[in-house]
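Report on the structure given below.
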Amino acid sequence: MVYQIADFTIVGHRILALQKDVEGWQQRAETATAKNKEHETQIIALEQEITSLRHQVGAADEQAEKARKEAKDAVQKWVWFCTLRVSRRLQVTEAENEGLQRTLTSVTEDRDAWQEKFEEMSRKYSKAMRDFDDFVQSASNM
């Protein structure tokens, strides 16, 4: 087989073209590898940030739960305090009410006694006036 120089030249050019293609592919592969490493670094940084945020969310949840518990305790203490205060005020009011009822009963009894005395005195006065009128009439008849 006899090869001609032109065939070798074409093959040589073809080999050079393929080598340039391979170099381009290698350069693209190196660029892609560099970008992949850059993306991996970014992914690692983002995963660390996510982990940090998860810890912050966990801490915030704990603080929120603690605040809820403290608020619940504060409300319970306030309700207890108000209940105690209202209970004491109710006791004082009931004692005052009992005292006022006793006073009212006493005043009512005194009024009733004075009413009886007034009616008795009115009867006595009426009887005395009748007796006087009878006396005056009997004296004038004399």
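The values are calculated or read from the model by the stated rules, or taken from the named source; none is laboratory data. What you see is a predicted model; the values in this text were computed from it and never measured. Here the Cβ positions follow ideal geometry from the backbone for every residue, glycine too, while neighbour counts run over all protein chains shown. Calculation scope for accessible area: heavy atoms of the full protein, side chains included, ligands and nucleic acids excluded. Shrake-Rupley method; radii C 1.70, N 1.55, O 1.52, S 1.80 Å.
A few remarks follow.
- If you sort Leu18, Leu84 by accessible surface, 1.4 Å probe, largest first, the order is Leu18, Leu84.
- Think of the stretch 54-142 as a dipole: +1 on every Lys or Arg Cβ, -1 on every Asp or Glu Cβ, centred on the Cα centre; then among Asn141, Asn97, Ala67, Ala67 lies furthest on the positive end.
- For Thr93, solvent-accessible area (1.4 Å; no DNA, RNA or ligand), Å²: 60 Å²
- Per the Debye formula on identical point scatterers at the alpha carbon atoms of the stretch 1-85, with no solvent, log10 I(q)/I(0) at q = 0.10, 0.18, 0.25 Å⁻¹ is -0.63, -0.91, -1.08.
- Lys37 paired with Arg130, simple spin-label distance in nm, labels 7 Å along Cα-to-beta-carbon: 13.7 nm
- Simple label model, 7 Å out from Cα along Cβ direction - Arg111 to Gln137, nm: 3.8 nm
- The C-alpha atoms of the chain define a longest principal axis, and helix 5-140 lies at about 0 degrees to it.
- Rolling a 1.4 angstrom probe over the protein heavy atoms with all chains in place gives the stretch 1-136 an accessible area of 95 Å² per residue.
- Computed over the Cα atoms of the chain, pair by distinct pair, the Kirkwood hydrodynamic radius stands at 28.8 angstrom.
- Förster radius 22 Å - calculated FRET efficiency between Gln76 and Gln56 (Cβ-Cβ, nearest 0.05): 0.15
- Surface share of carbon and sulfur [accessible, 1.4 angstrom probe, percent] for the chain: 59 percent
- Here the chain is assigned +1 on the Cβ of each Lys and Arg and -1 on the Cβ of each Asp and Glu. Its dipole about the Cα centre then comes out at about 220 debye.
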